[in-house]
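Some notes on the structure that comes next.
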Amino acid sequence: QPEIKLGCFPPVALVTLPCLIGMQAAAHLILTAHQINATEAHRLGLVSRVVRDDELPAAVDALLDELRALSPSVLRLTRKTLARLHSPDFLAQLDEAERLYLSELIETHDAQEGIRAFLEKRKPVWKAK
């Protein structure tokens with residue numbers, strides 16, 4: 001999540017990451033913009049399996065074969081129910097994060113400077129405003 005380096009925050013990640021990996025790990029990734037590798041993503045629960053690059057096509061095919069053997073209507077209803085039960089306020093939380101982003105964050109000097117500096121390929125000059 002590199003947005004913090006631009007003087008911004010990632011609205012979708014603010015809502016989803018704490019639910020997926022916990023507040024502490026989410027805050028670390030969002031506030032530091034640290035990049036993680038596949039092993040760390042697996043440890044945090046962002047991915048369910050890690051395979052070597054050359055194994056990826058076969059792993060995808062195997063997973064698709066597993067899913068194709070199951071009832072499509074039951075899979076669809078199960079995904080819908082999981083989403084409904086475990087992220088009931090997602091849209092409201094996302095609306096709030098986007099509102100703050102558009103009405104407060106983007107109005108700050110530092111957000112505008114960060115974006116400008118990125119586009120101009122230079123280091124930003126922060127003014128804490």
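Structural remarks
- Membrane-span-like helices in the chain (whole DSSP H runs, Cα extent of at least 20 Å along the helix axis, mean Kyte-Doolittle hydropathy of at least -0.5): 72-86.
- Protection-proxy order for peptides 25-31, 89-95, 74-80, each taking the mean of Cβ atoms within 10 Å per residue, highest first: 25-31, 89-95, 74-80
- Difference of contour (0.36 nm per residue) and Cα-Cα distance, V51 to T16: 10.2 nm
- The portion of the accessible surface of the chain made up by carbon and sulfur, rounded to a whole percent, is 61 (1.4 Å probe; DNA, RNA and ligands excluded).
- Accessible solvent surface per residue of the range 3-50, calculated while the other protein chains remain in place, 1.4 angstrom probe, Å²: 62
- Cβ-placed point charges (K, R +1; D, E -1), dipole of the range 71-120 about Cα centre in debye, nearest 20: 720
- Three-way shape call for the range 3-50 based on the alpha-carbon gyration tensor, with the a/c threshold at 1.5: prolate
- Separation in nanometres of the label points that stand 7 Å from Cα toward Cβ, at H42 and L94: 2.9
- Rounded D (µm²/s) - the range 73-112, Kirkwood Rh over Cα pairs, Stokes-Einstein at 4 °C, 1.567 mPa s: 106
- Solvent-accessible heavy-atom area per residue, rounded to whole Å², over the range 71-120 at 1.4 Å: 77
The values are calculated or read from the model by the stated rules, or taken from the named source; none is laboratory data. Keep in mind that what you see is a predicted model, and the values were worked out from it rather than measured. Note: ideal-geometry Cβ built from the backbone for every residue, glycine included; neighbour counts use all protein chains shown. These area figures cover heavy atoms from the full protein model, side chains too; ligands, DNA and RNA do not enter into them. Shrake-Rupley method; radii C 1.70, N 1.55, O 1.52, S 1.80 Å.
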